[in-house]
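Please read the structure below before turning to the comments.
The values are calculated or read from the model by the stated rules, or taken from the named source; none is laboratory data. Because the structure is predicted, anything quoted here is derived from the model rather than measured. FYI the Cβ positions are ideal-geometry reconstructions off the backbone, even for glycines, and counts take in every protein chain you see. Ligands, DNA and RNA are excluded from the accessible area calculation, which covers all protein heavy atoms including side chains. Shrake-Rupley method; radii C 1.70, N 1.55, O 1.52, S 1.80 Å.
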Number of protein chains: 2
Amino acid sequence: MEANKRLIRKNVSEMAGYVPGEQPVDPGILKLNTNENPYPPSPRVGEAFERCNVADLRRYPDPQCRELRETIARVHGVEPAMVFVGNGSDEVLALIIRAFVENDGSVGFFDPSYSLYPVLAQAAGVAQRPVALGDDFEWSMPDGYEASVFFLTCPNAPTGMAYAPETVADFCRTFNGLVVVDEAYADFAEGNALSLARELGNVLVCRTLSKSYSLAGLRVGYAIGSPVLIDALGRIKDSYNIGCLAQKLAVAALNDQAYMLRHTGFIRETRERVARELYMMGFVVTPSQANFLWVRHERVAAKELFSRLRERKVLARYFPGERTDRHLRITIGTDADMDRFLFEMRNALNQQ
Amino acid sequence: MEANKRLIRKNVSEMAGYVPGEQPVDPGILKLNTNENPYPPSPRVGEAFERCNVADLRRYPDPQCRELRETIARVHGVEPAMVFVGNGSDEVLALIIRAFVENDGSVGFFDPSYSLYPVLAQAAGVAQRPVALGDDFEWSMPDGYEASVFFLTCPNAPTGMAYAPETVADFCRTFNGLVVVDEAYADFAEGNALSLARELGNVLVCRTLSKSYSLAGLRVGYAIGSPVLIDALGRIKDSYNIGCLAQKLAVAALNDQAYMLRHTGFIRETRERVARELYMMGFVVTPSQANFLWVRHERVAAKELFSRLRERKVLARYFPGERTDRHLRITIGTDADMDRFLFEMRNALNQQ
């Protein structure tokens, strides 16, 4: 029997879900579409994996994630009570709306930015207050702007642009609501807002192990902020939201900061080289502090370039929509990946 | 700076979070408090673990969980479109409220039952409509009862009682809202409601790999029901809610039905033996179809017995509260575990 659609919440019936980037099955495809890290995780993760005992999976994980939170706290020089861990930073972002936005409240974010925010607002049935970025994706806030929660994505996605620390700090100090500085890409950037999360009572900084720690498949993200905010998230989370294996492997990855710094360094160097090469091919390259580039060609339309690359087994990311459809987002891979990418891009541009 | 509490949603400020059972650090404690399975997961899970490549964790998991959903569908004889997978069945239950209960809607459940339901209702800020069970925890519905979603826990927790299939079917056929048959313990029971999830458009059946598959640490649960209901859950879930390792190990566990059936059989046999022995010690033993017993001693108060057992390094579960504080819930372990338990229980009863 067909289910009666009246059983479904109205806001859920009306929404389309988030569209994640394609995960192609063909291993021959060069996958530069979901900002995955081209390097494997730290060897310490492999060692921790070898030490795991599958028999222990019969037990529930630590609902408090004590060791993991202590590790994160040590890395960032904060107390464990200032750390919340989620099943990927996506869960952290979803919980933030449910902890800090009343039914008649609102969620703010840049346009364009991470396309999950409006989906999360729709899923929660709360109002959206997007802030249009300028022609070159620069940030300026409309006068009298208000929202219950503002997602300040820095570096922003899909543009890769970071905003000046003073501008971010000024905004956080004067904004009336909660500021969530989404720093998924901060390990590829010059600065970050952690000091604001330590100092201000209305700032949460979100991080993920998916990008800089090469652990997108593990699902671990976290938020740093005042214990009062962290406690609110803890009340509404699923008790056992992080499995045993994820807790152990995340600890191992975080304990190898040297590996993370070295490999994010490689990606930053590769990014700058690829940016120069694309510029020389006639691309407008947005200054990036992330592990991807946001580029627009002066002659060939982004959608057409996306298709030509796809035929050549290179998968970039193309976002339909007025603010984004002139650009492609290119994840930075290894140097060898990007040599192949640049070769195929030259061919794609020259294709008649 | 202390965070301003005005930033927190009112319903979240006012709630206390769910209290999970204690996870003691002392390995000498016999842990019979969280309904974990005493047997390790299937050897196939270990084999799948050995085949996992840590380097692959740099990639995002399949957001659709295709292989896992196909496996679950095959086990239950349904289409993959009838299967939703969550980060433990706790996530499935939380998403159900967010997909099917409007802000002015309500959530129903037995009293007593799984103590997470009222917490989920509070977290979502929706009304609660508990249905008091009878003196012997039998089920009868008040006239004119209504709720947006009713959590029909069968076998119920913490009592272990299963309700007659005809009663469950009649209720589902006449109830105006969505019925969620929470079957976390169904693999230890005689019957289940899967045929109702296949036939009726207002029924979801929830299952978990935590108990019968010995994978509490992995965090995999699922719901079976009409594709329309499953689709609604898919729209609001985090895209990558199940990590790569969890997807692979869950598939391996589900593909070894023989192992699951054999070990749930052991637990059922042990349960009946322990029930008889406790009865002979003067306990009132509620008829259980789960992997635990709900017992009350005629002479010694439950809270006192809990403490005496705790001193003897046996951890049972005691739930404060008017409807539950005369009972202890005892998870069924191996035969050796339960011999030790019975020995300590005899001593605890005889203690002056």
Legend entry - Over the protein assembly as shown: helical MRE at 222 nm, DSSP H runs n ≥ 4 each giving -39500 (n - 2.57), nearest 500: -11500 deg cm²/dmol
Legend entry - Mean Cβ neighbour count within 10 Å, used as a protection proxy, ranking A:116-129, B:90-103 highest first: B:90-103, A:116-129
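Does segment A:109-218 classify as rounded, prolate or oblate by the C-alpha gyration tensor (a ≥ b ≥ c root eigenvalues; a/c under 1.5 gives rounded; else a/b over b/c gives prolate, otherwise oblate)?
Working: a/c = 1.35, a/b = 1.17, b/c = 1.15.
Verdict is rounded for segment A:109-218.
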Inset, instruction - Estimate for me the total accessible surface buried between chains B and A (protein heavy atoms, probe 1.4 Å, no ligands or nucleic acids), in Å² to the nearest 100. - result: 7000 Å²
Legend entry - Spin-label model distance (nm) - B:Ala127 vs A:Ala16, 7 Å beyond Cα toward Cβ: 3.6 nm
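Rounded to a whole number, what % of the accessible area of segment B:210-340 do carbon and sulfur atoms account for, probe 1.4 Å?
C and S atoms contribute 51 percent here.
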Legend entry - Kirkwood hydrodynamic radius of chain A, Cα pairs, Å: 21.3 Å
Inset, instruction - Apply the Karplus parameterisation 6.51 cos²θ - 1.76 cosθ + 1.60, with θ equal to phi minus 60°, to every residue of segment A:245-256 and state each ³J(HN,Hα) to the nearest whole Hz, in sequence, with x for glycine and proline. - result: 5, 4, 4, 5, 6, 5, 4, 4, 5, 5, 6, 10
Legend entry - Surface accessible to a 1.4 Å probe, B:Arg346 within the full protein complex, Å²: 100 Å²
Legend entry - Probe 1.4 Å - accessible area at B:Arg326, Å² to nearest ten: 130 Å²
Inset, instruction - Only bridges with both residues in chain B count here: give the DSSP antiparallel percent, nearest 5. - result: 45 percent
Legend entry - 5 angstrom amide H check on A:Val101, placed H, neighbours 5+ away: B:Arg9
Inset, instruction - Heavy atoms only, probe 1.4 angstrom, no DNA, RNA or ligands counted: give me A:Glu70, A:Glu298, A:Glu183 ranked by accessible area, highest first. - result: A:Glu298, A:Glu70, A:Glu183
Legend entry - J(HN,Hα) series, segment B:311-316, from Karplus relation 6.51 cos²θ - 1.76 cosθ + 1.60, nearest Hz, glycine and proline x: 4, 8, 6, 10, 9, 9
Legend entry - Label point 7 Å beyond Cα along the C-beta direction, distances from A:Asn176 to other copies (nm, shortest first): 4.0
Inset, instruction - Grab the beta carbon distance between B:Glu269 and A:Val228, set R0 = 35 Å, and tell me the FRET efficiency rounded to 0.05. - result: 0.10
Inset, instruction - Run through the other copies and list how far each one's label point is from that of A:Ala55, in nm with one decimal, shortest first; the point sits 7 Å from Cα along Cα-Cβ. - result: 3.1
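Quantify, in whole percent, the carbon and sulfur part of the accessible surface of segment A:1-52 (1.4 Å probe; protein heavy atoms only).
Working: 1440 of 2680 Å².
C and S fraction of accessible area: 54 percent.
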Legend entry - Three-way shape label, segment B:291-352, alpha-carbon gyration tensor, a/c 1.5: oblate
Inset, instruction - Could I have the simple spin-label model distance between A:Asp56 and B:Arg66, label points 7 Å from Cα toward Cβ, reported in nm to one decimal? - result: 3.4 nm
Legend entry - Surface accessible to a 1.4 Å probe, A:Val131 within the full protein complex, Å²: 0 Å²
Legend entry - Potential extension, A:Ala81-A:Asn255 segment - 0.36 nm per residue separation minus Cα distance: 60.7 nm
Inset, instruction - For A:Phe283, enumerate residues with amide H under 5 Å from its amide H, sequence gap 5+ or separate chain, H modeled in the peptide plane. - result: none
Legend entry - For segment A:15-23, 3J(HN,Hα) per residue [Karplus equation, 6.51 cos²θ - 1.76 cosθ + 1.60, θ = phi - 60°, Hz, x = Gly/Pro]: 8, 9, x, 5, 9, x, x, 4, 10
Legend entry - Nonlocal amide H pairs with B:Phe150, under 5 Å, H built at 1.01 Å: B:Gly108, B:Leu178, B:Val179, B:Val180
Legend entry - Low-density loop positions, chymotrypsin sites (Phe, Trp or Tyr not before Pro), segment B:148-177 - DSSP coil, at most 13 other Cβ in 10 Å: none
Legend entry - the protein assembly as shown, accessible area per residue, ligands and nucleic acids excluded (1.4 Å, Å²): 38 Å²
Legend entry - Total charge dipole magnitude, segment A:62-106, about the Cα centre, Cβ charges on Lys, Arg, Asp, Glu only, Debye to nearest 20: 140 debye
Legend entry - Sites B:Asn4 and A:Arg262, calculated FRET efficiency, Cβ-Cβ separation with R0 60 Å, nearest 0.05: 0.90
Inset, instruction - Calculate, for B:Tyr145 and B:Ala301, the FRET efficiency according to 1/(1 + (r/R0)^6) with r their C-beta to C-beta distance and R0 30 Å; round to the nearest 0.05. - result: 0.35
Legend entry - For the protein assembly as shown: rounded, prolate or oblate by the Cα gyration tensor [a/c cutoff 1.5]: prolate
Legend entry - Solution diffusion estimate, µm²/s, Stokes-Einstein, segment A:63-136, Kirkwood Rh from C-alpha pairs, 4 °C, viscosity 1.567 mPa s: 91 µm²/s
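Sum up the charges of everything whose Cβ sits under 15 Å from the Cβ of A:Leu215, counting Lys and Arg as +1 and Asp and Glu as -1, but leave A:Leu215 out.
0
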Inset, instruction - With an 8 Å cut-off on Cα pairs and a minimum separation of 6 or more residues, tell me the relative contact order of segment B:43-256 in percent. - result: 29 percent
